[in-house]
Amino acid sequence: MPQYVFDIKQVYRKKPEDKIGSLVAEVDIEVIDQHSGRILHKMVVPVLFHNYGVYPELSNISSHIPSPNLRKEVYYRVRRYVKRLRPYLEVSKNWGEEREQ
């Protein structure tokens, strides 16, 4: 059974901007084999979100993960991760610098 590690790298406004204020979060995803500790898949997936929903980029997940079952699991888990953090995510120019300090 795999283990999932998510980390938000950057949040920025969708280009071109829309009326509902969509943001994009770049989420670093690692899929790890729970028994051996080996990293099975590592990728960065852009996730579009706004007040009405959270939409991970499925084509990016599909290009890294061949298994349909694992692909679906990663999609729903990253969606749930961003959905729970949505109230606290905001655009920041120096997002990475703040986190490293």
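Extension gain, K15 to S36, is 3.5 nm, computed as 0.36 nm per intervening residue step minus the present C-alpha separation.
For the range 1-59, the list of GluC sites (Glu not before Pro) that fall in a loop by DSSP and count at most 12 other C-beta atoms within 10 angstrom reads E17. With respect to the chain, whose longest principal axis is taken over its alpha-carbon atoms, helix 68-85 is tilted by about 40°. What share of all Cα pairs of the chain, in percent, falls into each consecutive 5 Å distance bin? With a bin width of 5 Å, the distribution comes to 2, 12, 23, 23, 18, 13, 7, 2, 1, 0. In nm, to one decimal, how far is the modelled label at N69 from the one at N51, with both set 7 Å along Cα→Cβ? My value for the distance between the label points is 4.1 nm. The charge dipole of the chain, taken about its Cα centre with unit charges on the Cβ of Lys, Arg, Asp and Glu (plus for the first two, minus for the last two), comes to roughly 380 debye. Applying both filters, DSSP loop and at most 14 other Cβ atoms within 10 Å, to the trypsin sites (Lys or Arg not before Pro) of the chain gives K19, R38, K93.
We did not get these values from a lab; they are worked out from the coordinates using the rules stated. All of these numbers come straight from a predicted model, not from anything done at the bench. All Cβ positions, even for glycine, are placed from backbone atoms using ideal geometry, and neighbour counts span all protein chains on display.
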